[in-house]
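Remarks on the structure that follows.
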Amino acid sequence: MPVNDDVFAALANPARREVLRLLLEGPMAAGDLAERFDMRRPSLSEHLRVLREAGLVTEQRVGRNRLYSLQAAPLEEVTTWLHPFERFWRSKLTNLRDLLDEEDL
């Protein structure tokens, strides 16, 4: 299954990756997320919008607050897509280790 390009675009930004890491702890209000960053709230709101549109977070209104939650399904698609590349690099590193072990003889 191909991964939506919006997911890769969302993951390309370190601030958005940090938002996702924070949401691993559980849902957080936008204000609580904002306290963790050295940026203006409109900038964080834009990052949250990108993550929401990529399907990586959901937004729920609770009173006056907006609560954000991690949605892991798109990340699973990225992991599945990356798996062949991981096998490729593991093979290369194993070959390098074997070569270095031979040199030590």
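Quick note: the coordinates plus some simple rules give every number you see, no bench work behind them. From a predicted model like this one, the values you see are computed outputs, not experimental measurements. Here the Cβ positions follow ideal geometry from the backbone for every residue, glycine too, while neighbour counts run over all protein chains shown.
Quick rundown of the values:
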read-out	value
Cα extents of the range 1-73 along the three principal axes, largest first (Å)	37, 24, 20
Cα-centre dipole for the chain with unit charges at Cβ (Lys and Arg positive, Asp and Glu negative), debye to 20	780 debye
Helix 41-53 axis, angle to the chain major axis (alpha carbon atoms, nearest 10°)	60 degrees
Gap separating the Cα centres of the range 11-50 and the range 62-78, nearest whole Å	11 Å
Computed [θ] at 222 nm, helices only, for the chain once each DSSP H run of length n ≥ 4 contributes -39500 (n - 2.57)	-20000 deg cm²/dmol
Values of log10 I(q)/I(0), in the order q = 0.21, 0.22, 0.26 Å⁻¹, for the range 35-92 under a Debye, Cα-only, solvent-free model	-0.86, -0.90, -1.06
Most positive-pole-ward Cα, ALA54, ALA34, LEU70, against dipole of the chain from beta carbon charges	ALA34
